């Protein structure tokens with residue numbers, strides 16, 4: 001039985017080690033400060049700045065969109081619809097189902113909607129698709145904490161004459177702030193790491209997008225496309241991207257752990 | 001924050017967002033169904049699901065070999081990861097000091113957070129060469145390593161955190177009340193685990209496996225990178241396969257030029273969606289009996 | 001004796017359980033009204049009806065009327081936050097808002113449309129002085145309210161309620177989580193406050209009721225058994241159940 005634990009720890013270390021072992025040597029200043037020269041598939045010069053910036057645009061955009069839609073819904077479920085527990089549990093069930101839907105399905109769906117409206121692959125299409133994909137994660141992560149806020153706080157706020165929305169966004173949001181930040185981090189990690197949903201919707205280019213209507217490179221696809229190239233230098237770009245993505249994910253993991261453990265000073269217990 | 005005062009306008013947005021989310025599953029299913037309509041018209045459902053004939057130019061779309069690959073990779077991945085998760089969960093909740101769990105939990109969480117593309121790269125760097133240089137020659141087989149087995153190994157690692165987290169929750173909730181009674185009756189620790197805890201946890205274990213199954217079934221990029229992508233009925237696990245998600249991901253560019261091809265791929269997405277939803281539904285039904293206690 | 005709140009034929013059930021049975025009661029203005037009764041008798045529910053926090057509960061059916069200054073607040077068209085604002089609430093344990101001490105009091109003003117910093121600062125000081133908290137916290141107003149002691153928190157909650165200028169103060173066993181000193185401070189404050197406010201307090205502590213009550217309501221199993229002035233109630237109870245309760249048989 002101890003072997004199974006050792007195996008899990010070993011595999012995680014092995015993954016991180018192998019990615020860094022292969023990727024870190026290629027991770028030069030040129031790599032993170034330049035876009036690929038001469039085409040991402042054949043050009044030997046340049047770096048992956050296009051993918052870094054593209055991924056950050058995409059992940060920030062999708063996370064913000066998901067937050068703007070998700071936070072109000074999590075509040076709605078626990079404050080406005082407090083009386084309708086069955087309905088709210090139904091919504092929770094549905095969100096859990098959506099959480100399980102593979103990202104490739106969101107990608108395929110997003111793509112067919114794009115064709116229907118005649119929209120080309122673009123940063124915006126990617127942001128919308130990815131935000132739908134991370135929305136259930138965002139809502140459920142916030143909901144799990146909001147539902148455990150003591151009802152006394154709701155009553156206290158309401159008895160001062162606040163309406164439900166004021167209670168939600170001026171009181172509950174503060175009470176749950178560390179959980180909301182954690183939910184944002186988890187969703188951001190999902191958004192920046194997913195390849196299947198951006199494959200159809202965001203496209204890939206060598207340049208850094210200057211508007212949301214342009215296609216954009218992303219780190220996962222920078223790995224995926226450049227890894228299949230026969231040219232060593234291009235493959236190095238893929239491994240460097242893998243190292244960058246892993247670093248970002250590890251930072252997010254550590255940061256969200258620190259935040260969720262940190263004492264939230266205004267929170268009432 | 002003054003805008004919060006006027007609830008009427010705000011509520012419109014709140015309920016609109018909720019409406020969008022409630023509509024999502026319906027939209028997904030109806031949208032994909034709508035798009036796959038033309039391929040469903042041109043081919044019979046049984047041909048689509050049970051024929052191996054895949055000739056897009058002739059309008060023949062038999063998904064059998066893809067479905068077969070998907071099922072094979074998924075089952076093999078479960079075969080690897082379920083025992084590991086079971087042993088790990090039993091050890092962590094029944095034998096180890098609670099400090100252990102505190103140390104292991106971050107490892108599980110980090111593993112859960114690693115993007116699938118990274119698992120794919122790891123598969124190419126480590127698993128594929130391992131199979132090609134060591135595992136396959138051991139059985140006297142020659143292979144490049146890109147195989148069903150490689151896909152399953154990568155997949156098994158990816159689903160470990162999902163299965164393990166559910167199992168840990170279930171074992172934790174059960175072990176609080178039950179074992180003392182059993183141990184008081186003179187049973188040994190292992191007997192208690194075997195006859196009391198595992199029996200009590202059985203529906204939960206099944207549901208964790210089904211959850212893992214649905215995760216594995218829909219996983220795309222990591223599997224695609226190591227599984228070889230050859231549409232065939234593999235005769236052994238050292239041969240390449242071509243699972244459904246990989247089919248969709250690999251052909252997104254070309255599909256528009258061939259009639260019905262895009263429709264066929266949307267049908268493939270629909271199959272994925274329906275199967276995953278059914279798995280999830282089943283797993284949640286099974287697990288619901290614990291949730292009142294957890 | 002002028003009545004501030006008049007409850008008429010109030011019936012309330014949650015699901016199939018009838019919690020309140022045919023409640024008729026006039027609550028006198030500028031007095032301390034104590035609602036007494038063993039736990040589970042419906043006194044907290046009755047309190048929640050007054051400020052309509054009962055609306056937040058599931059499966060509730062209410063019939064009857066509650067008049068606040070001749071307006072039936074159960075069937076009113078005016079907005080609920082406006083009604084709730086008229087009634088400050090002090091609950092069993094303090095729930096300070098998740099903000100600093102200053103903002104805890106400023107919050108109520110801001111949501112009610114007061115954003116003038118000068119007015120807010122004056123109100124914070126005035127109301128903290130009202131509850132004798134100002135001397136203790138005047139140098140740490142920017143600290144989280146959660147760092148105060150429970151007794152201080154409860155006084156802060158009272159100050160927070162007073163800041164929105166209510167007409168009535170509702171209290172649900174407000175001293176049950178407090179140490180004796182803080183309890184006494186709250187009780188004393190209540191007696192002072194009746195000059196300006198109408199107070200309604202739920203409790204199951206008889207001695208507390210004797211100390212501060214002007215008017216007493218005794219509830220048992222969802223019904224009002226007896227109500228009257230403190231003198232009548234404690235010295236000349238009419239009902240057998242009341243006598244038994246006063247003699248301590250229930251507790």
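Quick look at the values:
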quantity	calculated
Fewest-first sequence of A:65, B:27, B:45 by Cβ atoms within 10 Å of each Cβ	B:45, B:27, A:65
The stretch B:42-291, relative contact order [Cα under 8 Å, separation at least 6], %	27 percent
Acute angle (nearest 10 degrees) that the helix C:180-193 long axis makes with the longest principal axis of chain C, alpha-carbon atoms	80 degrees
Theoretical FRET efficiency, 1/(1+(r/R0)^6), r = Cβ-Cβ of residue A:44 and residue A:247, R0 22 Å, to 0.05	0.35
Centre separation in Å (Cα based) which lies between the stretch A:221-269 and the stretch A:174-197	13 Å
The stretch A:82-127: C-alpha gyration tensor shape, a/c 1.5 cut-off, then a/b vs b/c	prolate
Computed label-point distance, nm, for sites residue A:262 and residue A:2 using a 7 Å Cα→Cβ extension	3.8 nm
Distribution of pairwise C-alpha distances over the stretch B:32-190, 5 Å bins, in %	2, 8, 11, 13, 12, 11, 12, 11, 8, 6, 4, 2, 1, 0, 0
Over the protein assembly as shown, equivalent-ellipsoid semi-axes from the Cα gyration tensor in Å	60, 29, 26
Residue-span extension gain [residue C:223 to residue C:93] - 0.36 nm each, minus C-alpha spacing	44.2 nm
Exposure proxy ranking, count of Cβ atoms within 10 Å, fewest first, for B:154, B:223	B:154, B:223
Long-range Cα-Cα pairs in the stretch A:10-261 (distance over 27 Å), rounded percent	44 percent
For peptides C:134-142, C:99-107, sequence by mean Cβ density within 10 Å, most packed first	C:99-107, C:134-142
Average Cα contact separation per residue, chain A, under 8 Å, 6 or more apart, as relative contact order %	30 percent
Shielding score for B:237-248, defined as the mean number of other chain Cβ atoms within 10 Å	2
Overall form of chain B per C-alpha gyration tensor (a/c, 1.5; a/b vs b/c)	oblate
Separation between Cα centres of the stretch A:1-65 and the stretch B:37-109, rounded to whole Å	26 Å
Residues residue B:251 and residue B:71, FRET efficiency given R0 of 22 Å [Cβ-Cβ distance, rounded to 0.05]	0.60
Neighbour-count ranking [beta-carbon atoms within 10 angstrom, fewest first] of A:10, B:244	A:10, B:244
Backbone N within the stretch C:222-236 under 12 Å of label point (7 Å from residue C:243 Cα along the Cβ vector)	C:236
Acute angle (nearest 10 degrees) that the helix C:150-163 long axis makes with the longest principal axis of chain C, alpha-carbon atoms	90 degrees
Estimated distance in nm for a label pair at residue C:39 and residue A:21, the labels positioned 7 Å out from Cα along Cα-to-Cβ	6.2 nm
Cβ-Cβ FRET estimate between residue A:9 and residue C:77, R0 fixed at 60 Å, reported to 0.05	0.40
Using alpha-carbon coordinates, inclination of helix A:232-261 to the longest axis of chain A, degrees	20 degrees
Span from the the stretch C:126-155 Cα centroid across to the the stretch C:218-251 one, whole angstrom	37 Å
Chain C - percent relative contact order, Cα under 8 Å, separation 6 or more	28 percent
10 Å Cβ neighbours from other chains, averaged over peptide C:110-118	3
Per-residue mean of C-beta atoms belonging to partner chains within 10 Å, peptide B:6-16	4
Global form of the stretch B:1-125, assessed from the alpha-carbon gyration tensor, a/c cut-off 1.5	oblate
Cα point-scatterer Debye curve for the stretch A:1-149, base-10 log of I(q)/I(0) at q = 0.10, 0.18, 0.19, 0.20 Å⁻¹	-0.60, -1.11, -1.13, -1.15
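Bear in mind these aren't lab numbers, they're just calculated from the coordinates by the rules spelled out. All figures in this text were calculated on a predicted structure; none of them were measured in a lab. Every residue, glycine among them, receives a Cβ derived from its backbone with ideal geometry; neighbour counts consider all protein chains shown.
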